[in-house]
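Asker: Got a structure for you, questions after.
All of the numbers you see were taken from the coordinates with simple rules; none came from a lab. Just so it is clear, the model here is predicted, and its values are computed rather than measured. Counting neighbours? That spans all protein chains shown, and the Cβs are built from the backbone with ideal geometry, glycine included.
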């Protein structure tokens, strides 16, 4: 029996690829990680912006302590200690009326917090939260607006912000069923599963750099600026990977794990079943004259074009989900349109619009319609040594950070299982 350690070639150093690489390294596999650009992280990264002269994140991501796959990844990479854990409090403001409130899940597994008026949106009843059961019963072809109409008492103040954040698709097109596992893993488990996790020094420092350090320490090979152009295969296995400037031949026990966006995977594997289309997200970053008096790390906006504002130091970062309507507008038009509501939310009402940076992501996620949800493939393929990962694969979750990490773990398990009979004694 050969003593050679199987090597897994992972294509894509986003969170799915990093999670798979970390898990496989921990299981004793030799790993080579390839990334098409000069940095890891995909949509989860930080960079110094010369306009603002500040470190900013490419986009805003709200992750919670109930994201069990993500927290396992953070533990494996040694990144957990570098994150801040906030209280399970979710502040909101209606920018039209100025009314503010906070959702405050209680400790313990039973969601009795909905019984307390001080813990739920004003003017809503505890019975309105029973509408969550409709998502449990939703069929695969049902959209969110079929389950809850826009005149539902919690639609504007809870369901719409939640659904847009996790599905990034207009609610008259977004599949309803994927919301249920999100609720089960977070809000229905109480405050311990709803604590927001923040990276005080940016997403790269919090989620990406520790993984790269850990992988190098484990002996993984990491290669940047290696864009996969094609794969070579026989009827059963992938035998070579063709990159822009080189070709890599695979050994008889080697595996390939493709952890790139769905459109890239379809170009490499034209016959693969996968979701189609893309959905935009627009992020705006405003450098404030000074750190605001606003005393929370984030706030949800109701009645505004933007949906969430995150504050770190003197930078307010804003997210517009399902933003196809915005991506063709000028950056100045976007900034001017959303700034008054942002200023009101962080208690700077009337302040002049500061300098800004707008980041448009035209295909931030696939369009999470019922049909596309049913087209998501699992981690295995028709090739015995080729596996898939990415938030677009079938994880049982929407296309979120948690879904991306979980996909990497699912694929890593399949790779490891395929190698078990070949391992040396």
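Asker: If I fit a long axis through the Cα atoms of helix 15-26 and take the longest principal axis of the Cα atoms of the chain, what angle between them do I get, 0 to 90°, rounded to 10?
Answerer: With both axes taken from Cα atoms, the answer is about 50 degrees.
Asker: Turning to a different aspect of this structure: Students often check this: by mean Cβ neighbours within 10 Å, which of 297-305, 235-243 ranks highest, and how do the rest follow?
Answerer: With the highest mean Cβ count within 10 Å placed first, the list reads 297-305, 235-243.
Asker: Show me the ranking of peptides 250-256, 215-221, 320-326 by mean Cβ neighbours inside 10 Å, starting with the highest.
Answerer: 320-326, 250-256, 215-221
Asker: For the chain, what is the mean residue ellipticity at 222 nm derived from helices alone (per DSSP H run of n ≥ 4: -39500 (n - 2.57); sum divided by total residues; nearest 500 deg cm²/dmol)?
Answerer: -7000 deg cm²/dmol
Asker: Need one word for the chain: rounded, prolate or oblate. Basis is the Cα gyration tensor (sqrt eigenvalues a ≥ b ≥ c); a/c below 1.5 gives rounded, then a/b vs b/c decides.
Answerer: Prolate shape, in that a/c is at least 1.5 and a/b is the bigger ratio.
Asker: Taking the DSSP beta bridges in the chain as the whole, what percent of them are antiparallel, to the nearest 5?
Answerer: Here the antiparallel bridges make up roughly 70 percent for the chain.
Asker: Can I ask one more? Quick check: the angle from helix 68-77's long axis to the longest principal axis of the chain, C-alpha only, nearest 10 degrees?
Answerer: That works out to roughly 60 degrees.
Asker: Here is a further query. What whole number of Å gives the distance from the Cα centroid of segment 77-124 to the Cα centroid of segment 184-233?
Answerer: 26
Asker: Using the 2.2 N^0.38 Å rule of thumb for compact globular proteins, work out how segment 90-193 stacks up: its C-alpha Rg over that value, please.
Answerer: 1.04
Asker: Relative to the longest principal axis of the C-alpha atoms of the chain, give the angle of the C-alpha long axis of helix 331-345, reported between 0 and 90° and rounded to the nearest 10°.
Answerer: With rounding to tens, the tilt is 60 degrees.
Asker: Ok, one more. Cβ neighbours within 10 Å, averaged per peptide: list 368-375, 158-165 in order, most packed at the top.
Answerer: Order by mean packing, descending: 158-165, 368-375.
Asker: Please rank 62, 167, 386, fewest neighbouring Cβ atoms within 10 Å first, as an exposure proxy.
Answerer: Ordered from fewest to most neighbouring Cβ atoms within 10 Å, 62, 167, 386 come out as 62, 386, 167.
Asker: Under the classification rounded if a/c is under 1.5, otherwise prolate if a/b is larger than b/c and oblate if not, where does segment 68-122 fall, given a ≥ b ≥ c as square roots of the Cα gyration tensor eigenvalues?
Answerer: Verdict is oblate for segment 68-122.
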